[in-house]
Amino acid sequence: MARRKKKISEAELKGLIGQHISNAQGTDGGNLSAQREKSLEYYLSEKMGNEVEGRSQVVSSDVQDAVEPLMANLMRIFTSSNELWRCEPVGADDVSISEQATSYLNHVFFKKNNGWLILHNFIKDALIEKNGILKVFYYESDKVEREEYERLSDDEFTLLVEDDGVEVVEHTAYDDPNPTGGYGSPENPMAQDMQPPMEQPQMDAMPPEMASMEEMPEGEEPVEVEKPLLHDVVIHRIYKKGKCCVEGIPPEEFIIESRAKTIDEANFCAHRTTKTRGELIELGYDADLVEALPTQNTQVYNSETTARHRDIENGIGYDTNDYATQEVDVYECYIRCDYNGDGRATLRKVTVGGENAGIVLDDEPYDTMPFVSMTPIILPHRFYGRSVAELVEDVQLVKTFVLRALNDNIYGINNNRLIVNDSVTNLSDILTNRPNMVVRVKGSPQEAVQSMPVQSIGETAYPLLEYFDSLKEIRTGVTKVGQGLDADALKSRTASGVNQVMTQAQGRMEFFARTFSNTGINDLGRKILECVIKHQDKEDIVRVHGEFVPFKPYEWKDRCDITVTSGLGTGSSAERITMLNSILERQIQAMEIQGNPDAPIVNIQKIYTTLQRIVETAGLKDVDQFFMNPLQGQKEMPEEEPKEPSEFEKVSMAQIEGENQRKTLDLEHKNRELELKHKEKLLEFETKIRDLELKYKTQIDQEQIKKDTKLTSDAIKLEAQTRQANSPQPPSMPVNAPQPEPMEITDVNTPPMPTPNLTPDVPTE
């Protein structure tokens, strides 16, 4: 067939989808659907369809007895710790990102989704119906809040409805009874308190017509002024809210391309579901297209769905005349096709409904298949494997036949048939079977009544039941010893024999767990991680180990090169704790030998990891109650923000600061006075020196005198500064006690200068 060179038409797309739906695996009425329906009936221990009236109708429950112990052990293996997944870094740059991804991945699954229940249904579907199916997608919903407002002005109403995310539900506009009042009107007393009315000058009253004629210029027509309005409005304020969703899909609602091997390699997958018209409109589909969809026929249902609900109700559907709750069939298809006509197959998400997918509700490009699948028993080169229920169905069938025969045999022995001579026997006594009932006969009782012997089949039935029980244990690995149901196991077997049986059972259990881990559970973690990286465009704050940590998955794009592996643990909790304690002892020995807590072999962080695993294995989730993470201890403690002082403290501190400033100014003023006095004395002294020189014509060493004077001045300043520094400082916080008075510096006079001997050496007269 030649390559198309144009975009695919809607008719061609509908035809291609219809072909895939008809030929897909899992369609109603096919062999796969019949097998899964049979497995469901065996698990629910429903009637076999060959029951005879008056005979035993007991049904063995071997399928259920095999599935439930497996469920208990598998759920313990996968949920015994806080981490279902661990993100392992590939490169050195991925270490911090992988730690963040590990915490956030488990948080999204267990906290934002009901992870425990989703995982439970995922595993049980696989054990009963060949394959468990999950769907991972990002869902954005609108959170709507209703708000009511009354008596809004025009401006207020305009500002309100112009906000983003506001939808007007009800609106009533009416004339303002007091157009000039506004918020100062009598109708708004609160506004009156805020804005007291202005005093208006008294004017003589005049008719409104005269007033308007007086104000209007000549030759102009009066202009009608639009009256202001008040608004009563009811709005819906819409907030966008999105999260990564994980949804369990019933196996009968999933179909896949014929002969597909894996979901990611398939060219077609679809989720076949039933939704109401209201749900489709709420999801954003066109209302006219939704209305054109035919209502689901409530008389015809999927056979698997009917089998799933048969034991609790006669029918699972109902007719309704309400348009919004009418149910319609919808196919959410993921198809690879040459959409653009360029010869390349691209993935599209196409939502269709109606007969033969005749109505296309939506058509958009898509990145990857959103489905995840796992099976307990993998069959190579095909998508669907085998279930545990299939391994035990024949056992349940044979045991049901044997149990019914054994019950009928025991009943026949207890109520065997009689040979009665009615001529000598009262038949009413024979037909009335009550304890201590008297049977009236004539003549010899042996001649009147004889029993027909019934041979017991217990000698052959009970060994046959034990054989099929052992066959079930071999196939499933579920043993009485492993369940703690065999009280005589320790008496009949040696210790080594019991350990061998337990090891074999654990090996089978471990095989199922590793199969689930390396297929569906690892794929589920990878799909969730891809979803949050692509769609989570806002910071998410999550509490981890008692600490609120911000996560930014949008920053991991193109930087996240990690490997997602499920945290798989095997064996009992006691065995794992013993193993971890042994590892801890070796770590402590290695640290003592190396003599350095930061050496490359073992460090403090490695020991903390082992202690963390021990606490988690013991069933205690909060590790921080017992051990401190060394990485947290290395983090810098945030500086405490200073407390905002009270009003009293603010006033008191302002008073103290003002008093200190006043005292400082007084000290500076007194120092300046001392300096001025010193300068005056110095000037006076220099004047006297000049007078003496003129009088006696003698040169006086003025420099030495100035030097001595300067030293004296410096000493005065130093003394003043010392007194100021030693004066008591006011307290930092206000107190009620009186503040001490500052020390005053007394006036310091310049010491008298020594009078030099200025008498000249002249003879006396």
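Here, each number is a calculation from the coordinates, and none is a lab measurement. What you see is a predicted model, and the numbers here were worked out from it, not measured in a lab. Note that each Cβ is placed from the backbone with ideal geometry, even for glycine, and that neighbours are counted across all protein chains shown.
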Among 403, 620, what is the fewest-to-most ranking by other Cβ atoms within 10 Å? 620, 403
Hey, what do the phi angles of region 334-348 turn into as Karplus ³J(HN,Hα) couplings, whole Hz, using 6.51/-1.76/1.60 and θ = phi - 60°, x for Gly and Pro? 10, 10, 9, 7, 7, 6, 9, x, 9, x, 10, 7, 10, 7, 10
Sites residue 367 and residue 439 - FRET efficiency at Förster radius 51 Å, r taken between beta-carbons, to 0.05: 0.05
What is the calculated FRET efficiency for residue 419 to residue 511, with r their C-beta to C-beta distance and R₀ = 56 Å, to the nearest 0.05? 0.40
Could you check the simple spin-label distance between residue 596 and residue 454, using points 7 Å along Cα→Cβ, in nm with one decimal? 8.6 nm
Run the numbers for residue 344 and residue 261: contour at 0.36 nm per residue of separation, minus the present Cα-Cα distance, in nm. 27.8 nm
I need 691, 28 ordered by Cβ neighbour count within 10 Å, fewest first. 691, 28
Using a/c under 1.5 as the rounded threshold, could you call region 4-131 rounded, prolate or oblate? The axes a ≥ b ≥ c are square roots of the C-alpha gyration tensor eigenvalues, and prolate needs a/b larger than b/c, oblate otherwise. oblate
Multiply the residue separation of residue 355 and residue 322 by 0.36 nm, subtract the distance between their alpha-carbon atoms, and state the gained length in nm to one decimal. 9.7 nm
Residues 693, 539 in order from fewest to most other beta-carbon atoms within 10 Å are 539, 693
So, in nm, how far is label residue 679 from label residue 68 when the simple model puts each one 7 Å beyond its Cα toward the Cβ? 10.8 nm
Work out from phi, with θ = phi - 60° and the Karplus expression 6.51 cos²θ - 1.76 cosθ + 1.60, the ³J(HN,Hα) of each residue of region 75-84, listed in order in whole Hz, and give x for Gly and Pro. 5, 5, 5, 8, 10, 6, 10, 6, 10, 7
In whole Hz, the Karplus estimates of ³J(HN,Hα) for region 9-23 (6.51, -1.76, 1.60; θ = phi - 60°; x where Gly or Pro) are 7, 5, 5, 5, 5, 4, x, 5, 5, x, 4, 4, 5, 5, 9
Can you tell me how much longer the chain between residue 23 and residue 143 gets when fully stretched, taken as 0.36 nm per residue apart minus their C-alpha distance, in nm with one decimal? 39.1 nm
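Based on the Cβ-Cβ distance of residue 586 and residue 90, what FRET efficiency does E = 1/(1 + (r/R0)^6) give at R0 = 41 Å, to the nearest 0.05?
Between residue 586 and residue 90 the formula returns 0.90.
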